[in-house]
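Since the structure comes first, as structure tokens, the remarks are kept for the end.
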Amino acid sequence: MPAKIYKVTLTCEERKTLTALVNKGQGIARRLTRARILLMADENQAGGGWKDAEIAKALGVHQRTVERTREKCVEMGLEAALNHTQPSKKRGKVFDGAAEAYLVQLACTEAPDGHERWSMQMLADKLIELEVLETVSRETVRTTLKKMNLSPG
């Protein structure tokens, strides 16, 4: 088993703050659990910190949760480790107004020879072939058509 990269070493005041938070027993459950993780992982306590697997088993969380909490504490500080933030994965729109209009126009035309109707993959391939977009997946085509209440049939 590899050595821990992120070792939590709490100051006396940080330890008192976390202990008070846990002893109070009121608050957001996720925050209390993370406080317990940090208290158990603290290398400054007698006997050193607990192992991740032991912490996970004792608190009923996944071992990866323990690892991430330790990492956040070392990298970003105590408050960041206690407070959960949603990852911000914002993607830009693939279709602009002109590309959407072209997709609708294309979906409303006759299907290619040998096909009864347009498939999502055929529409995506045609948009790339006509250089309307550089890349587009069939799922993006499907969701765009669904938002407009259209179907390729």
Hits in the range 19-52 (condition: more than 19 Å from T85 (Cα to Cα) and open to solvent by less than 50 Å² (accessible area, probe 1.4 Å)): L21, V22, G25, L39, M40, A41, D42, Q45, G48, G49, D52
Residue ID - most open to solvent (accessible area, probe 1.4 Å), chosen from residues in the range 74-119 that are among the hydroxyl-bearing types (S, T, Y) and at pLDDT 90 or above: Y102
Residue check for V74: part of a helix (DSSP H, G or I), touching a residue at least 40 places away in the same chain (Cβ under 8 Å), over 30 Å from L130 (Cα atoms) and aliphatic (A, V, I, L, M): yes
Residue match in the range 4-18 (condition: farther than 13 Å from L82 by Cα, outside any helix (DSSP H, G or I), open to solvent by less than 70 Å² (accessible area, probe 1.4 Å) and basic (K, R)): yes
Verdict on A124 being of a type in the set (A, V, I, L, M) and either within 30 Å of D52 (Cα to Cα) or out of contact with any helix residue (DSSP H, G or I) (no Cβ under 6 Å at 6 or more places or on another chain) (or both): no
Odd one out for R64 among (1) in a helix (DSSP H, G or I); (2) open to solvent by less than 90 Å² (accessible area, probe 1.4 Å); (3) farther than 30 Å from V141 by Cβ; (4) without any contact (Cβ under 8 Å) to a residue 60 or more places away in the chain: (2)
Residue in the range 43-64 that is touching a Phe, Trp or Tyr at 6+ places or on another chain (Cβ under 9 Å) and at pLDDT 90 or above present: yes
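Mind listing whichever residues of the range 67-116 are acidic (D, E) and closer than 28 Å to T140 by Cβ? First the steps, then the outcome.
Step one: list which residues in the range 67-116 are acidic (D, E), which gives 67, 71, 75, 79, 96, 100, 110, 113, 116.
Selection gives D96, E100, E110, D113, E116.
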Search result, residues across the range 120-137 that are farther than 17 Å from E100 by Cβ, open to solvent by 50 Å² or more (accessible area, probe 1.4 Å) and more than 30 Å from the chain's Cα centre (by Cα): E129
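The values are calculated or read from the model by the stated rules, or taken from the named source; none is laboratory data. Computed from a prediction, not measured in an experiment: that's the story for all the values here. Virtual Cβ from ideal backbone geometry, glycine too; neighbours counted across all protein chains shown. Areas reflect the complete protein model, heavy atoms only, side chains present, ligands, DNA and RNA absent. Shrake-Rupley method; radii C 1.70, N 1.55, O 1.52, S 1.80 Å.
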